[in-house]
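The values are calculated or read from the model by the stated rules, or taken from the named source; none is laboratory data. The shown structure was predicted, so the numbers you read here are calculated from the model rather than taken from an experiment. Every residue, glycine as well, gets a Cβ built from its backbone with ideal geometry; the counts of neighbours run over all protein chains shown.
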Amino acid sequence: DFKFNLDRYKYPNRYEEVDYLHHRNEASKYLVELDEKISNEEISLALNDALFPFVRQFANHDREWFDSQTWSNLHSWLENNLESEEFKICMKKYPRWIQE
C-alpha cells in the first residue's frame with residue numbers, strides 16, 4: 001500500500017483522476033506506524049535498507065511538509081541514514097562521462 005500511494009502522491013499526472021493529497025495521507029498512515037515501530041524496537045539492517053529509499057522519496061517530494069510532521073523517530077532515522085557513510089559513498093557524484 002505504501003508504494004502504491006507513494007507513486008500516486010509523487011506522480012499524480014501519470015494516473016487518471018488522482019488526488020495526490022489523498023495518497024499522501026494514505027501513505028502517511030504507514031509512516032505513523034513506522035515511527036512508532038522505530039521508537040519501540042531496533043530495525044534490522046535488511047529492513048532498514050529496504051525502507052530507506054522509499055521513505056527518502058516520500059520525504060523529498062515535499063520536504064517542508066514532511067519535516068512539519070510529528071514523526072520524531074522517523075525524522076531521526078531518516079537523517080541518520082542520509083548522513084551515513086554508506087549512503088554518502090553510494091550517492092557520490094562523479095564528473096559526467098564524455099566520450100572522446
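Annotations
- Flag if Ala50 is under 14 Å from the mean Cα position of the chain (by Cα), modelled with pLDDT of 95 or more and in a helix (DSSP H, G or I): no
- Test: Tyr15 is farther than 26 Å from Met91 by Cα and either touching a helix residue (DSSP H, G or I) at 6+ places or on another chain (Cβ under 9 Å) or in contact (Cβ under 8 Å) with a residue 12 or more places away in the chain (or both): yes
- Residue count for the range 66-100, restricted to those that are without any contact (Cβ under 8 Å) to a residue 40 or more places away in the chain and within 29 Å of His23 (Cβ to Cβ): 19
- Considering only residues in the range 48-100 that are closer than 18 Å to Val32 by Cβ and β-branched (Val, Ile, Thr), the one that is surrounded by the most Cβ atoms within 10 Å (Cβ to Cβ) turns out to be Val55.
- Leading residue by the ranking (surrounded by the most Cβ atoms within 10 Å (Cβ to Cβ)) among those in the range 1-47 that are assigned to a helix (DSSP H, G or I) and among the β-branched types (Val, Ile, Thr): Ile38
- Failed item, numbered, when Thr70 is tested on (1) over 18 Å from Lys29 (Cα atoms); (2) in a loop (DSSP other than H, G, I, E, B): (1)
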